[in-house]
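Enquirer: First the structure, then my questions, so here it is.
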Amino acid sequence: MLLQNVHEYFASLDQSVQTKVTSEGTFMPSSTHDITLMLDTAMQLGIVRPEATFLDAGSGDGRSVAVASALGLRAYGIEVDGDLVKESRIHLQQLGLAGVVVAGNFKEDAAYDQMGVTFDQIGVFYNFANGVHPLAVRMSDQSPSGTVLLLQDFSEVNSPSLPLVQRVQRNHESADRVRGSLYILQKR
Ligand SMILES: C[S@@+](CC[C@H](N)C(=O)[O-])C[C@H]1O[C@@H](n2cnc3c(N)ncnc32)[C@H](O)[C@@H]1O
């Protein structure tokens with residue numbers, strides 16, 4: 001029910017949501033169905049535990065934080081654009097979800113300090129088309145074995161320490177927006 005509210009809430013926003021160039025990239029929202037599908041699949045595979053800490057690195061309007069929070073994860077987002085951070089907090093509050101979004105740069109420790117979580121405590125990362133390379137390099141260096149990275153484009157990361165564990169076919173709910181697969185990588 002909570003998850004259904006999240007889908008409906010962001011679907012109603014999608015009619016007016018605009019892409020936006022920010023100081024570090026471009027805001028373009030994910031499908032909440034895609035995020036759900038990736039997290040559900042990773043949980044069914046047993047590689048994301050129900051109490052895991054989730055981070056959307058570049059969290060836009062907070063929708064992935066809302067989905068992860070509705071699924072019971074400890075959910076965080078780091079977003080560089082202050083207006084998107086404010087919007088995210090309003091969305092999370094309206095949905096009654098505990099997810100946290102901080103203003104900052106996910107390449108910098110200060111953002112993790114604000115969350116009160118260290119980089120190596122994050123069990124599952126999500127990044128959609130913005131600056132995944134430095135994140136993948138840092139995961140290779142610092143994340144514990146088993147840490148998961150969710151992506152929409154596998155060609156974005158080519159690291160032997162972050163192999164693909166599952167390619168997920170988009171389901172009909174999101175396939176009307178975007179074609180192709182979703183990708184679950186896991187730190188060796
Ligand atoms: C393509 S949007 C995706 C938003 C959200 N993850 C989603 O899937 O709906 C990428 C977002 O990442 C943010 N971003 C890019 N690089 C960043 C960085 N280094 N630190 C924080 N935010 C960043 C952009 O401002 C933008 O809002």
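The values are calculated or read from the model by the stated rules, or taken from the named source; none is laboratory data. Quick caveat, the model's predicted, so the values are computed rather than measured. Using ideal geometry, Cβ is built from the backbone for each residue, glycine included, and neighbour counts are taken over all protein chains shown.
Enquirer: I'd like to know if the stretch 66-73 contains one or more residues that are among the small types (Gly, Ala, Ser), within 12 Å of the ligand (Cβ to nearest atom) and part of a helix (DSSP H, G or I).
Expert: yes
Enquirer: Considering only residues that are free of Cβ contacts under 8 Å to residues at least 60 places away in the same chain and farther than 20 Å from SER31 by Cβ, which ones fall in the stretch 153-171? So that I can check it myself, show each step before the final result.
Expert: At the first step, the residues of the stretch 153-171 found to be free of Cβ contacts under 8 Å to residues at least 60 places away in the same chain are 153-164, 167, 169.
Passing the criteria: VAL157, ASN158, SER159, PRO160, SER161, LEU162, PRO163, LEU164.
Enquirer: A further question follows. Could you please find all residues in the stretch 129-160 being modelled with pLDDT under 95, of a type outside the set (Asp, Glu) and not in a helix (DSSP H, G or I)?
Expert: If the condition is that a residue be modelled with pLDDT under 95, of a type outside the set (Asp, Glu) and not in a helix (DSSP H, G or I), then ALA129, ASN130, GLY131, GLN152, VAL157, ASN158, SER159, PRO160 are the ones that fit.
Enquirer: Among the residues of the stretch 74-86, how many are of a type in the set (Asp, Glu) and either more than 12 Å from the ligand (Cβ to nearest atom) or surrounded by fewer than 20 Cβ atoms within 10 Å (Cβ to Cβ) (or both)? Before the answer, list the steps.
Expert: Step one: of the stretch 74-86, the residues of a type in the set (Asp, Glu) are 79, 81, 83.
The next check asks that each one be either more than 12 Å from the ligand (Cβ to nearest atom) or surrounded by fewer than 20 Cβ atoms within 10 Å (Cβ to Cβ) (or both); those that pass are 83.
Residues that pass the stated criteria total 1.
Enquirer: Please go through the stretch 130-181 and pick out each residue that is under 18 Å from ALA52 (Cβ atoms) and buried (at least 20 other Cβ atoms within 10 Å of the Cβ).
Expert: Residues satisfying the conditions are LEU135, MET139, SER143, THR147, VAL148, LEU149, LEU150, LEU151, LEU162.
Enquirer: Of everything in the stretch 20-51 that's of a type in the set (Asp, Glu) and within 9 Å of the ligand (Cβ to nearest atom), which residue is surrounded by the fewest Cβ atoms within 10 Å (Cβ to Cβ)? Step through it out loud before you land on a result.
Expert: Within the stretch 20-51, the subset of a type in the set (Asp, Glu) is 24, 34, 40, 51.
Checking the rest, the ones that are also within 9 Å of the ligand (Cβ to nearest atom) come to 24, 34.
Working: GLU24: 15, ASP34: 23.
Looking at residues that are of a type in the set (Asp, Glu) and within 9 Å of the ligand (Cβ to nearest atom), I get GLU24.
Enquirer: Moving on to the next point. Residue under question is SER59, and the condition is that it be near the ligand (Cβ under 9 Å from one of its atoms), in contact (Cβ under 8 Å) with a residue 24 or more places away in the chain and in a loop (DSSP other than H, G, I, E, B); does it hold?
Expert: So SER59 passes the test.
Enquirer: What number of residues within the stretch 98-129 are of a type outside the set (A, V, I, L, M, F, W, C), buried (at least 20 other Cβ atoms within 10 Å of the Cβ) and either within 15 Å of THR22 (Cβ to Cβ) or more than 9 Å from the ligand (Cβ to nearest atom) (or both)?
Expert: Counting residues in the stretch 98-129 that are of a type outside the set (A, V, I, L, M, F, W, C), buried (at least 20 other Cβ atoms within 10 Å of the Cβ) and either within 15 Å of THR22 (Cβ to Cβ) or more than 9 Å from the ligand (Cβ to nearest atom) (or both) gives 4.
Enquirer: Now for a separate question. Considering only residues that are surrounded by 13 or more Cβ atoms within 10 Å (Cβ to Cβ) and part of a helix (DSSP H, G or I), which ones fall in the stretch 87-97?
Expert: At the first step, the residues of the stretch 87-97 found to be surrounded by 13 or more Cβ atoms within 10 Å (Cβ to Cβ) are 87-89, 91-92, 95, 97.
Hits for the stretch 87-97 are GLU87, SER88, ARG89, HIS91, LEU92, LEU95.
Enquirer: Of everything in the stretch 87-97, what is within 12 Å of the ligand (Cβ to nearest atom) and either hydrophobic (A, V, I, L, M, F, W, C) or in contact with a Lys or Arg (Cβ under 9 Å, 6 or more places away or on another chain) (or both)? Give them in sequence order. Reasoning before the result, please.
Expert: Step one: of the stretch 87-97, the residues within 12 Å of the ligand (Cβ to nearest atom) are 87-88, 91.
Passing the criteria: SER88, HIS91.
Enquirer: Tell me which residues, restricted to the stretch 110-128, are within 16 Å of ASP56 (Cβ to Cβ) and in a loop (DSSP other than H, G, I, E, B).
Expert: VAL117, ILE122, GLY123, ASN127, PHE128
Enquirer: Can you name the condition, by its number, that LEU3 falls short on among (1) in contact (Cβ under 8 Å) with a residue 24 or more places away in the chain; (2) surrounded by fewer than 18 Cβ atoms within 10 Å (Cβ to Cβ); (3) in contact with a strand residue (DSSP E or B) (Cβ under 8 Å, 6 or more places away or on another chain)?
Expert: Condition not satisfied by LEU3: (3).
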